[in-house]
1. I'd like to check something: does the range A:232-245 contain any residue that is more than 11 Å from every other protein chain (Cβ to nearest Cβ) and out of contact with any Gly (no Cβ under 6 Å at 6 or more places or on another chain)?
2. Is it true that some residue in the range B:380-396 is within 18 Å of B:Thr40 (Cα to Cα) and surrounded by fewer than 14 Cβ atoms within 10 Å (Cβ to Cβ)?
3. Search the range B:140-167 for residues being surrounded by 24 or more Cβ atoms within 10 Å (Cβ to Cβ) and assigned to a strand (DSSP E or B), and hand back the single one that is nearest to the other protein chains (Cβ to nearest Cβ).
4. For the list (1) modelled with pLDDT under 90; (2) assigned to a helix (DSSP H, G or I); (3) among the aliphatic types (A, V, I, L, M), I need the number of the one condition that B:Ala436 fails.
5. Go through the range B:100-114 residue by residue and tally those that are surrounded by fewer than 19 Cβ atoms within 10 Å (Cβ to Cβ) and either over 30 Å from the mean Cα position of the chain (by Cα) or farther than 20 Å from B:Gly146 by Cα (or both).
6. Inside the range B:206-233, can you point out the residues that are closer than 18 Å to B:His288 by Cβ and acidic (Asp, Glu)?
7. Take B:Ser172 and tell me if it is farther than 11 Å from B:Ser74 by Cα, hydroxyl-bearing (Ser, Thr, Tyr) and within 13 Å of chain A (Cβ to nearest Cβ).
8. Would you kindly identify the strands (runs of 3 or more DSSP E) lying entirely within the range A:154-218 that contain at least 2 residues that are farther than 26 Å from A:Leu111 by Cβ and within 14 Å of chain B (Cβ to nearest Cβ)?
Amino acid sequence: MGSMVIFSAGAAHAAPAQIQVRDWDEFISLSCDPDGFWIAPDWPGSPAALAAQLRSSPWWDRLAFSAAPCAEPLLDGQLDLPTARLRCARAQLAKRAIAPDPSLLLPAEKLLLYLYVREKHELLPRHERASKTRYTYPVADALGGEMGIDAVGQLVRAGLLAPVRLVDRIRACPDCGSGHLSFVDVCPACASIEISQAPALHCFTCGHIGPRGEFGAHGPLSCPKCAAALRHIGTDYDTPTAQHLCGACRHVALEARIVATCFDCGHSHEPARLKVREVHAHELTWQGAEALRQGRLQLACQPAGAHLPPLQFRQVLHWLMLTGQRHGALPFSVLLVEMANTDALLLQHGAPAVSALQGELAARLRACLRTADATSVDSAERLWVLLPFTAPEPVAERLLAQAAQLHAAGETPLALRLRSLQAPRELAGGDGPDAIMARLLGD
Amino acid sequence: MLYAALLSFLTLLQGLAASSWEEIALRFVPFALFLELPLTLLVMLGMARYAARRGPAAPPQAPRGPALRWPRVSCVITCYSEKEDVRHTLQSLAAQDYPGEIEIIAVVDGAIQNADTLAAARRHLGPINAGAPRRRLIVLPKWQRGGRVSSLNAGRALATGAIVMALDGDTSFDRDMVSNAVRHFRDPNVIAVSGNLRARNASTSLATRLQALEYLVSISGGKTGLSEFNLVNNISGAFGIFRAEILKLVGGWDAGTAEDLDMTQRLKQHFGQHPAWRIVFDPRVVGHTDVPATFREFLRQRLRWDGDLYYIYVRKYRHNLRPGLLGWPNFLSHLITGVLLQIVMPFLILAYSAYLFLSFNTGIVLGILAFVYLAYLAVLALYFAAYCLLVSDRLAHDARYFIYLPLYPFFAYCSRINCALALLHEMFNRGHLDSAMAPWWVLRKTKF
């Protein structure tokens, strides 16, 4: 188990796997690599400032707890020291499953990792008065870059984050996207804001109905039509209805019209035209965790042993061909593995079983190959293999043997179709990678 | 007895040629000759003039022209306990062929206890506001019940149209109603148009059939004739069309009962100053309404209507019945058709009937009454034929009512007796304070 850094004002005392410091600068000067952080109850400093410093430091992904209750979104909550130590260790363990080097991650990937090491952690939005979109994700902002709602939205669209809880629903200006709107009721006839709500009075003596102002603004009420003194409500008069009276055009209306004006760009809109945006708390999805584990997010940190995206496969194939043409001997082979009887299998086993079978086949194929071999999956039934300096036949035999094991007794076996091409022997002059792949497909 | 009846009948017939002035005076219901017959002749003359002015029946033309050429019309519909029936009014107004804008203001009085009427009206908000172009529906709930006058005034306060219609909540209208009505306002001297009412539920019972006939005779026929001479006696409360600025001039409707007669009276009071102003009745501006289905309900309705007339002419506008205000034609018309025919004559009929039964034996009385009946029926038949030929636009439908003509004189006679009772009820019991048109806490505040 690694060590914990404890922020405390008290006297330093040595304890196993525990480093006590007074402030952040002291911790920096110690140059250690702790598992996590814990703020003691007697620490006088500001947890918010400490959290900000922590999340922009190389230890940004470490868990940080505090003894006292703390609502700081960049910290991980209140826990006692032993439990905090356990949690931090577990988080570090989880991090080992991550393929890419944490220090090389982009801010979006950092966010995913941050959520990954904290199990079941929610990415919570916080209401920010100054922000244009009114809600920000403080964790995303602290991890670097001005991410905001849109960046998180991109991750959601990519399927790496999923909304788990609706926090708020805000309306934004359709022109500039600002969430700061002013709603004002205006006269439906002339759109002036000089409207006032006036209860209408009904004079019993003559039946006249008019806004309250007509009956004498101050002092005793008297009917403008018959001059009767209206002394007692219910006996002389009543207020059957209320109306809006416009000061500009004297229009009397039952209901006022609502108009929304944006504070940032100044445009006015009908409330129905405003963009409705829902603000959620997000959670890391399984795809996000998988992407993180496989490092599929960024091209630069592709470790060996994973399936290449089709574009990359073609690029590598192209590079091999060019290098071979230029420098002479660079033999390689391309193997196309196709599942031939998918339809029959679908009928027999159903779609989920068949897709599990395809995944298992790809995994077993991967196991047959060496680290330097590249594979690519461009459809559920098709697998490409690039074998540098190797003939395709032995691999094909091994693969067929693996596939033969993949079905239970009495069930339809998985039929594979294998085609291969060996370079430079079978290459025609001037062929590109697309041509090779098309040739294999067409055979 | 029958023999005596026949004898007196024949004597009267015989005596038509030979009697002196006094005898004729006694034999014929005097007021029928001196009051009602001239009026009938005047109306028939008016109907002829209407037909002549209109020319041969042209096929109805749809109104044309850009929407802006047509003024905006605000229809104030007073709703109370119609519940789902408001849809007849709302739908028929939304479906008008009028090219301009129609603003429909449905005022629901006592919206708390009439929540179902309010809900029924609100259900049309979406379909009309979103679905029908140039049609807008505003539903105005009045939480505290205030009566029909307050509903009309509340609707008028919201109305933005140049023409305001005051309509009932369960009347439906012909498709060309608004365009036919608005045409009249091209003449700047026309201040109001009274709409034609037909009984929608005429086929329900004998009572409704007779009332439908009465509407044809007195409204479709009678008002057409009167309108030619600018003598329209009343703009129906269920169907009145006004210029908005005229309503502003008279300050909207006035509290109390008989607000339609009250409004007509106050409009006419400007005729002295503005002799060119006209109130028009157009038989082609058609609305369909439900009439009381039983005789008992009918008599109760007329109890209210006839008592209201006394309230308006005698209690409220006693001092306003003068030619300086009304102009001579309308002053005379009010004197004759309003005061004499509607107020004095019912009592005369009652008195005359009593006198007959007390003075002569039953047989002779029956003979006399039979003669009167025949004379009346003859005039009525002539009148109704004139209406069918000169005015009616649904000839085949209206001509069927000839069958009911023989019953009509009895119907009218009973109506008159009821009218006399109504007048007594108003004169001595102040029946207008019990009106169902407004709640008691509003009615008791009336100055009259």
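The values are calculated or read from the model by the stated rules, or taken from the named source; none is laboratory data. Nothing here was measured: the structure is a model prediction, and the numbers come from that model. Glycine gets a Cβ as well: all are built from the backbone with ideal geometry, and neighbour counts include every protein chain shown.
1. As a first pass, look at the range A:232-245 and keep what is more than 11 Å from every other protein chain (Cβ to nearest Cβ): none.
Looking for residues that are more than 11 Å from every other protein chain (Cβ to nearest Cβ) and out of contact with any Gly (no Cβ under 6 Å at 6 or more places or on another chain), one finds none in the range A:232-245, hence no.
2. Looking only at the range B:380-396, we keep the residues that are within 18 Å of B:Thr40 (Cα to Cα), and these are B:380-392.
Filter once more, so that each one left must be surrounded by fewer than 14 Cβ atoms within 10 Å (Cβ to Cβ): B:382, B:389.
Yes, the conditions are met somewhere in the range B:380-396.
3. Among residues in the range B:140-167 that are surrounded by 24 or more Cβ atoms within 10 Å (Cβ to Cβ) and assigned to a strand (DSSP E or B), the one nearest to the other protein chains (Cβ to nearest Cβ) is B:Lys142.
4. Only one criterion is unmet by B:Ala436, namely (2).
5. Selection size over the range B:100-114: 2.
6. First, pick out the residues of the range B:206-233 that are closer than 18 Å to B:His288 by Cβ: B:207-221, B:223-224.
Within the range B:206-233, just B:Glu214 meets the criteria.
7. Numbers: farther than 11 Å from B:Ser74 by Cα: yes; hydroxyl-bearing (Ser, Thr, Tyr): yes; within 13 Å of chain A (Cβ to nearest Cβ): no.
In short, no.
8. On the way: elements: A:161-172, A:181-186, A:195-203, A:209-211.
In the range A:154-218, A:195-203, A:209-211 are the strands (runs of 3 or more DSSP E) which contain 2 or more residues that are farther than 26 Å from A:Leu111 by Cβ and within 14 Å of chain B (Cβ to nearest Cβ).
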